[in-house]
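Remarks on the structure that follows.
The values are calculated or read from the model by the stated rules, or taken from the named source; none is laboratory data. Worth saying up front: this structure is predicted, and the values here are computed from it rather than measured. Quick reminder, even Gly has a Cβ in these numbers, built from the backbone with ideal geometry, and neighbours come from all protein chains shown. Ligands, DNA and RNA are stripped out before the accessible areas are found, and what is left, the full protein with its side chains, is counted by its heavy atoms. Shrake-Rupley method; radii C 1.70, N 1.55, O 1.52, S 1.80 Å.
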Amino acid sequence: GGTLVPTEVMNSVWAFFSFYVLSFVLISLAIAAHDIDWVTAFSATAACLNNLGPGLGEVSLHYGDLPSSAKSILTFAMLLGRLELFTVIVLFTGAFGADRRAIYENIFLLFLQKLHPRLDPGSESPLK
């Protein structure tokens with residue numbers, strides 16, 4: 001179609017892509033620093049960051065032969081990929097503008113409701 005993509009959308013896509021590539025490179029270098037070959041480092045990073053499962057090289061069958069510190073880094077990569085940390089980062093930045101306070105209040109009130117089920121959701125906010 002003839003519809004132009006807004007600049008804000010393009011910037012968001014580039015930011016996500018940049019964050020992903022930077023994470024991939026840094027995690028791969030950290031794994032390779034453990035005297036692990038590049039094929040294993042890159043494929044293990046790709047498998048963990050994208051939650052794909054097995055990789056190539058030393059991790060084609062299991063990750064048990066990797067050093068504990070390398071497994072810890074790959075565990076962080078799995079969490080980063082699974083939780084999509086970029087989405088959480090955006091939530092806590094200024095991307096939401098003036099509505100950000102309302103979002104935080106709603107999250108806090110939901111948390112309070114879980115602790116105290118008798119809390120009336122229609123009552124005035126305890127944050128004011």
Y104 modelled with pLDDT under 85, surrounded by 12 or more Cβ atoms within 10 Å (Cβ to Cβ) and among the hydroxyl-bearing types (S, T, Y): yes
Which pairs do you get when a residue that is among the aliphatic types (A, V, I, L, M), found in the range 1-20, comes within reach of a residue that is open to solvent by less than 80 Å² (accessible area, probe 1.4 Å) and part of a helix (DSSP H, G or I), reach meaning Cβ atoms under 9 angstrom, with the pair 6+ apart or on two chains? A15/F86; A15/V90
Go through the range 67-95 and report how many residues are modelled with pLDDT under 90 and outside any helix (DSSP H, G or I). 3
Test: residue in the range 2-15 that is open to solvent by 70 Å² or more (accessible area, probe 1.4 Å) and aromatic (F, W, Y): yes
Residue, most open to solvent (accessible area, probe 1.4 Å), within the range 50-77, restricted to residues that are within 16 Å of V25 (Cα to Cα), over 9 Å from the mean Cα position of the chain (by Cα) and aliphatic (A, V, I, L, M): I73
